[in-house]
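A.B. asks: Here it is, the structure, as structure tokens.
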Amino acid sequence: MSDVQADKIENAIRGLLGAEHVREPRGRETLAARIIAEPRDSDEVAALVHQCEAGRITLAPLGAARTLSEIRRAPAMLGVSLARMDRIVAYEPEDMTVIAEAGMTLGALNQRLAEHGQRLALDPCNPGATTLGALIGASHAGPLRLSEGTPRDLLIGVRFVGHEGRAVHGGGRVVKNVAGYDLMKVMTGSFGTLGIITEAAFKLLPIPKGYTMGIAPFARAADAFGAALKLHDVLPLVHVEVLSPALAARFRYSGAFLLMAAVAGSASELEYQRGHFGGLDGAVFSDGARAIETYERLRDLEFAPAAVAAQLATAPAELARCVEGLGAEFRAHAACGVAQVFVGGELEPIKTRETLARWRSAAHAAHGHLRVLAAAPALRSDLDFFDAPPAGALKLMRRLKAAFDPTGVFNPGCFVGGL
Amino acid sequence: MESLAAALQLAAELPALAAELAEIVGADGVVARPSELAVYECDGWTIAKSAPDLLVLPRTTAHVSGVLAALERRGVAFVPRGAGTGLSGGCLPLNAPVMVCTSRMNHIVACDLANRRIEVESGVVNLNVTNAVKAAGYFYAPDPSSQVACTIGGNIAENSGGPHTLKYGVTTNHVLGVELVLAGGEVVELGGPADERLGYDLLGAVVGAEGTAGIVTRATLRLLREPQAHRTMLGIFADVERATAAVTAIIAAGIIPGAIEMMDALIIRAVEAAFKVGFPADAGAVLIVEIDGLEVGLSERAERIARIATEAGAVEVKLARDEAERALLWKARKRAFGAVGRLAPNYATQDGVVPRTRLPDILRVISMLSRHYKLAIGNVFHAGDGNIHPIVLYDERDPDQVRRAIEVGREILKACVEMGGSLTGEHGIGVEKQHEMPLLFAPEDLIVMSELRRVFDPNGHANPGKIIPQPGGCVEVAAPRRQAPL
């Protein structure tokens, strides 16, 4: 697209939203979009979609631009920031559900919910910089996925703006609901390729009263995973993570694989569960504020700057063997069969491709798959960020994309099969 | 009269079609005799009836694929059926002459306890999944009341729930992968053993699609570890108001029980007559509350619940003393629908949802509607998640009672939606509630849902006439309506 065309589009969008709500990208946003628009409501999002479809302008929901900036090959023309759509729409603590606009961050939401002893129990890295739209769009989850699930488990209603600027909603504000097709699932993990999520309703849970974390170092990864699965077998764990030595070092352990498992409950329940950690050599426990602080560091572990980082998902019991053979650093949600793996520093393009190919075949051997979380911009042009789904499933996915986004403007080229 | 012409043509073609299908599934897998087909004229929603012209009973995925390919060549639509325990007419044939019943596909394919997964054919009965892994200390969480009969395929179609979904979630939270045969016979795999989706979550769209995406032939299910221990309590209340207040208070205290179930006076009497559980005859409402987890914390939590319930006005809170007492309470709860059969010749089980805090309001509305329509209505439901099941008693021999039973059901659903709830928590839209869909969804929502449906079934041959209101029905899709809040 020429600069003249870009200027024309920018002017048109300024006309729609007012000049003060259209701006240049900043920081990592530059990798995600060329122009940023900040609509104030669903109607303005619809107007943007109309404009983009008419002019065949690509648009991407921006969130905090983190996910997109790490995987986009080229920026989308228009980034839609919902920074001005960050309100709680309805919150009835006794119903334990909340409806919020998609530009609100998970951190801000949970701060409000905590006043009532509740939370949206999803814990991606850095919730203060994760909007609800991004949380759903990229299906972010963290250590808590073991006990509380992932966005698909807790999202009970969704509103989005799609083709022709249609404002569409699925689900509702009640925790049990099978009326109509499950649009929540369709939007979860769709990476902005089907529309712009503007509002979401979630099921909430009480914040557990007591929380104890046990940390134990292991010389071998296999032993750390073995201990993790053994604990998972006998206790209702809140989470159980295994970290490779480079990440363990951030918790002041050197040269060890680290098991970080947590339990919750009343005083007697905590004491009983601690007893089960007893057999682990060198296990250290923390409670209360100190344990929460450690948990937050575990949740917020960054794998950047990495030459390449990926998330593997396998059958849970096969994860250990799979990550062990990779020669990479990792954080594993050990009982969920999900791990983030990365190589730090810099890597030549050819080495990156080789590394990814190796990781991929390891994931496939463990009946799983892989998606790239981050790669240096110079390496992106010929990387497949997602594994190819089986042919039959991919055909349906192409039909879905064509049905929901017939003009092909919603964040194209970032998703499975080039969608 | 296009449809009449089509019907006539189909009638002429039926014998040839039956013969072709018999070649695929074997002669004993095709039923064409009207007297035998009458069994399949409805599911648990008995208000409308329509038998299929042919019934096919495949034994393998290849059978299903072959059957759907043969049907597509002739442009014939089909309706999938599991055990026929659905409660919204989901497997009622509507312009679908052929019914494909998965009941013979009832094998457990592979049990993988190390990964807490089990792969089953879709005709496996729900309870048999748990039975297969119970001895090893695992269970399959969704437990609809019909679990002794209903199939996993049916559960997937309806996204079924059950009492314990309050803590554990519904079917969609426990299905990791399916093998799906599309109309036309193509077999696709969606999801898999890993707990992350690759690409769009089409699996999530298939669960709850009420058989309109095709026929699920296999499923990989998540197994959970059986909790160390349970405590099952019975709370007895003078009226439903106090019982619902107790529900809200328990959950507000940060306790998420495995289940909280409520029965009102009418149901209590029916259940007591059937099962002799020991419910006081004069009780206005009872709550069954079950908590589970580590043995060490349970008694303390049970005492807290008893205290909260008493403060909310419980006359008495009893703890089930042993497994036999626990089993009796659950038998009473899960067979309550059947017990009601003693009170009237027919009953219609409704399914609606309100935000939990609106339970007292919806119960008041139901009691008012019961008086207005002069029909007895009992309530037995999943109080913890606001999922009500009013049971409307009527006599199908009296057309006016049938009319009133349908109307009162609609009024209850309208009230649920007005309170911010939903038309159905676990029974599905099926045929029964299509016309209420516009209460909840705007025209553009329904358009997008229709598009999603066509992704799986472009020609509309998989279970036509369900979920989305049909043009020419009582309510047009394009009817104007207010924007519903989420």
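A.B. asks: Assigned to a strand (DSSP E or B), facing chain B (nearest Cβ under 8 Å) and either over 30 Å from A:PRO412 (Cα atoms) or at pLDDT 95 or above (or both): does that describe A:VAL186?
C.D. replies: Values: assigned to a strand (DSSP E or B): no; facing chain B (nearest Cβ under 8 Å): yes; either over 30 Å from A:PRO412 (Cα atoms) or at pLDDT 95 or above (or both): yes.
Judged against the criteria, A:VAL186 is not a match.
A.B. asks: Let me ask you something else. Test B:ILE250 against the stated conditions and say whether it is farther than 30 Å from B:ILE467 by Cα, β-branched (Val, Ile, Thr), free of Cβ contacts under 8 Å to residues at least 60 places away in the same chain and at the interface with chain A (Cβ under 9 Å from one of its Cβ atoms).
C.D. replies: Numbers: farther than 30 Å from B:ILE467 by Cα: yes; β-branched (Val, Ile, Thr): yes; free of Cβ contacts under 8 Å to residues at least 60 places away in the same chain: yes; at the interface with chain A (Cβ under 9 Å from one of its Cβ atoms): no.
Here the answer is no, as B:ILE250 does not meet what is asked.
A.B. asks: Got a sec? Which of B:LEU221, B:LEU198 is part of a strand (DSSP E or B), touching a His at 6+ places or on another chain (Cβ under 8 Å) and outside the structural domain of B:LEU363 (by TED's automatic domain parsing)? Break it down stepwise before answering.
C.D. replies: Numbers: B:LEU198 fails: part of a strand (DSSP E or B).
On inspection, the qualifying residue turns out to be B:LEU221.
A.B. asks: A follow-up question, please. I'm checking my understanding of the structure. Among residues of segment A:156-183 that are touching a residue at least 60 places away in the same chain (Cβ under 8 Å) and assigned to a strand (DSSP E or B), which one is nearest to B:GLN350 (Cα to Cα)?
C.D. replies: Step one: filter segment A:156-183 for residues touching a residue at least 60 places away in the same chain (Cβ under 8 Å), giving A:159, A:161-167, A:173-175.
Cutting the leftovers down to assigned to a strand (DSSP E or B) gives us A:159, A:161, A:167.
Details: A:ARG159: 27, A:VAL161: 33, A:ALA167: 30 Å.
Once the filter is applied, the top-ranked residue is A:ARG159.
A.B. asks: Name the residues in segment A:227-257 that are in contact (Cβ under 8 Å) with a residue 60 or more places away in the chain and either more than 12 Å from chain B (Cβ to nearest Cβ) or touching an Asp or Glu at 6+ places or on another chain (Cβ under 8 Å) (or both), would you? Please lay out each step first, then the result.
C.D. replies: Here is the first cut: in segment A:227-257, the ones in contact (Cβ under 8 Å) with a residue 60 or more places away in the chain are A:228-229, A:232, A:236-247.
Residues satisfying the conditions are A:ALA228, A:VAL238, A:HIS239, A:VAL240, A:GLU241, A:VAL242, A:LEU243, A:SER244, A:PRO245, A:ALA246, A:LEU247.
A.B. asks: Taking the conditions exactly as written (surrounded by 22 or more Cβ atoms within 10 Å (Cβ to Cβ), more than 7 Å from every other protein chain (Cβ to nearest Cβ), within 23 Å of B:GLU426 (Cα to Cα) and in contact (Cβ under 8 Å) with a residue 40 or more places away in the chain), does A:ILE136 satisfy them or not? Before you say what the answer is, go through the steps one by one.
C.D. replies: Numbers: surrounded by 22 or more Cβ atoms within 10 Å (Cβ to Cβ): yes; more than 7 Å from every other protein chain (Cβ to nearest Cβ): yes; within 23 Å of B:GLU426 (Cα to Cα): no; in contact (Cβ under 8 Å) with a residue 40 or more places away in the chain: yes.
It is false that A:ILE136 is surrounded by 22 or more Cβ atoms within 10 Å (Cβ to Cβ), more than 7 Å from every other protein chain (Cβ to nearest Cβ), within 23 Å of B:GLU426 (Cα to Cα) and in contact (Cβ under 8 Å) with a residue 40 or more places away in the chain.
A.B. asks: Cβ-Cβ under 6 Å, sequence separation 6+ or interchain: first residue in segment B:457-470 and closer than 7 Å to B:ALA77 by Cβ, partner assigned to a loop (DSSP other than H, G, I, E, B) and not small (Gly, Ala, Ser). Which pairs?
C.D. replies: Going by the 6 Å Cβ cut-off, the qualifying pairs are B:PRO464/B:ASN95.
A.B. asks: Check B:GLU261, B:GLU325 and return the single one that is closer than 22 Å to B:ALA245 by Cα, acidic (Asp, Glu) and under 27 Å from the mean Cα position of the chain (by Cα). Break it down stepwise before answering.
C.D. replies: Values: B:GLU325 fails: closer than 22 Å to B:ALA245 by Cα.
Sole residue among the options that is closer than 22 Å to B:ALA245 by Cα, acidic (Asp, Glu) and under 27 Å from the mean Cα position of the chain (by Cα): B:GLU261.
A.B. asks: Which numbered condition in (1) more than 27 Å from B:ILE47 (Cα to Cα); (2) in contact with a strand residue (DSSP E or B) (Cβ under 9 Å, 6 or more places away or on another chain); (3) away from chain A (no Cβ under 14 Å) is the only one that B:ALA312 fails?
C.D. replies: Looking at each condition in turn, B:ALA312 falls short on (3).
A.B. asks: Under 6 Å between Cβ atoms, which residue pairs at least 6 apart in sequence (or on different chains) link something in segment B:160-177 that is at the interface with chain A (Cβ under 7 Å from one of its Cβ atoms) with a partner that is outside any loop (DSSP other than H, G, I, E, B)?
C.D. replies: Final answer for the pair search is B:ASN173/A:ASP153.
A.B. asks: Right, something else. So for segment B:97-116 (the condition being surrounded by 22 or more Cβ atoms within 10 Å (Cβ to Cβ) and acidic (Asp, Glu)), does at least one residue qualify?
C.D. replies: Scanning segment B:97-116, I find no residue that is surrounded by 22 or more Cβ atoms within 10 Å (Cβ to Cβ) and acidic (Asp, Glu), so the answer is no.
A.B. asks: Looking only at residues that are at pLDDT 95 or above and hydroxyl-bearing (Ser, Thr, Tyr) in segment A:63-109, which one is surrounded by the most Cβ atoms within 10 Å (Cβ to Cβ)?
C.D. replies: Per the stated criteria, the residue is A:THR97.
A.B. asks: Scan segment B:144-169 residue by residue and report those that are more than 19 Å from B:ASP43 (Cβ to Cβ) and touching a Ser or Thr at 6+ places or on another chain (Cβ under 9 Å). Step through it out loud before you land on a result.
C.D. replies: Of the residues in segment B:144-169, the ones more than 19 Å from B:ASP43 (Cβ to Cβ) are B:163-169.
Listed by number, the residues that qualify are B:PRO163, B:THR165.
A.B. asks: B:LEU21: modelled with pLDDT of 95 or more and not in a helix (DSSP H, G or I), yes or no? Write out each step before concluding.
C.D. replies: Working: modelled with pLDDT of 95 or more: yes; not in a helix (DSSP H, G or I): no.
No; evaluated as a whole, the condition is false for this residue.
A.B. asks: To continue, here is another question. Give the residue that is nearest to A:THR352 (Cα to Cα), with candidates limited to residues of segment A:366-419 that are of a type in the set (D, E, K, R) and facing chain B (nearest Cβ under 9 Å). Let's see the steps before the verdict.
C.D. replies: Taking segment A:366-419 and keeping what is of a type in the set (D, E, K, R), we get A:371, A:380, A:382, A:384, A:387, A:395, A:398-399, A:401, A:405.
Within this subset, residues satisfying the condition of being facing chain B (nearest Cβ under 9 Å) are A:371, A:387, A:395, A:399, A:401.
Working: A:ARG371: 14, A:ASP387: 16, A:LYS395: 29, A:ARG399: 32, A:LYS401: 30 Å.
The qualifying residue nearest to A:THR352 (Cα to Cα) is A:ARG371.
A.B. asks: Here's something else I'd like to know. Quick one: which residue in B:ALA205, B:ALA209 is under 28 Å from A:ASP95 (Cα atoms), assigned to a helix (DSSP H, G or I), small (Gly, Ala, Ser) and out of contact with any strand residue (DSSP E or B) (no Cβ under 7 Å at 6 or more places or on another chain)? Even if it seems obvious, please write down each step before you answer.
C.D. replies: On the way: B:ALA209 fails: assigned to a helix (DSSP H, G or I).
Checking each option against the conditions leaves just B:ALA205.
A.B. asks: Taking only segment B:355-409 into account, find how many residues are of a type in the set (D, E, K, R) and within 14 Å of chain A (Cβ to nearest Cβ). Let's see the steps before the verdict.
C.D. replies: Taking segment B:355-409 first, the residues of a type in the set (D, E, K, R) are B:356, B:358, B:361, B:364, B:371, B:374, B:385, B:395-398, B:400, B:403-404, B:407.
Next, from what is left, pick out any that are within 14 Å of chain A (Cβ to nearest Cβ): B:356, B:358, B:361, B:385.
So the answer is 4.
A.B. asks: State yes or no: is B:ARG371 at pLDDT below 95 and farther than 28 Å from B:CYS150 by Cβ? Walk me through how you get there before you give the answer.
C.D. replies: Details: at pLDDT below 95: no; farther than 28 Å from B:CYS150 by Cβ: yes.
Judged against the criteria, B:ARG371 is not a match.
A.B. asks: Can you go through A:PHE303, A:PHE285 and tell me which one is of a type in the set (Phe, Trp, Tyr), more than 14 Å from chain B (Cβ to nearest Cβ) and more than 20 Å from A:ALA221 (Cα to Cα)?
C.D. replies: Numbers: A:PHE303 fails: more than 20 Å from A:ALA221 (Cα to Cα).
Just one listed residue meets the conditions, A:PHE285.
A.B. asks: Taking interchain pairs and intrachain pairs at least six residues apart, which have beta carbon atoms under 6 angstrom, with the first residue in segment B:419-440 and more than 7 Å from every other protein chain (Cβ to nearest Cβ) and closer than 13 Å to B:GLU158 by Cα and the second among the small types (Gly, Ala, Ser) and in a loop (DSSP other than H, G, I, E, B)?
C.D. replies: B:HIS427/B:SER88; B:GLY430/B:SER88; B:GLY430/B:GLY89; B:GLY430/B:GLY90; B:VAL431/B:GLY89
A.B. asks: Could you tell me whether any residue of segment A:287-294 is surrounded by 20 or more Cβ atoms within 10 Å (Cβ to Cβ) and either in a helix (DSSP H, G or I) or not small (Gly, Ala, Ser) (or both)?
C.D. replies: no
A.B. asks: Hey, any hits in segment A:224-245 for a residue that's of a type in the set (S, T, N, Q) and in contact with a Gly (Cβ under 7 Å, 6 or more places away or on another chain)?
C.D. replies: Let us first name the residues in segment A:224-245 that are of a type in the set (S, T, N, Q), namely A:244.
Next, from what is left, pick out any that are in contact with a Gly (Cβ under 7 Å, 6 or more places away or on another chain): none.
No.
A.B. asks: Scan segment B:43-81 residue by residue and report those that are part of a helix (DSSP H, G or I) and surrounded by fewer than 18 Cβ atoms within 10 Å (Cβ to Cβ). Spell out the reasoning first.
C.D. replies: Pass one, segment B:43-81, residues part of a helix (DSSP H, G or I): B:61-74.
Matches in segment B:43-81: B:ALA62, B:ALA69, B:ARG73, B:ARG74.
A.B. asks: Kindly establish whether A:ALA219 is more than 10 Å from chain B (Cβ to nearest Cβ), without any contact (Cβ under 8 Å) to a residue 60 or more places away in the chain and more than 16 Å from B:TYR168 (Cα to Cα). Break it down stepwise before answering.
C.D. replies: Numbers: more than 10 Å from chain B (Cβ to nearest Cβ): yes; without any contact (Cβ under 8 Å) to a residue 60 or more places away in the chain: yes; more than 16 Å from B:TYR168 (Cα to Cα): yes.
Yes; evaluated as a whole, the condition is true for this residue.
The values are calculated or read from the model by the stated rules, or taken from the named source; none is laboratory data. The structure displayed is predicted, hence computed values, not measured ones. All Cβ positions, glycine included, derive from the backbone under ideal geometry; neighbour counts span all protein chains shown.
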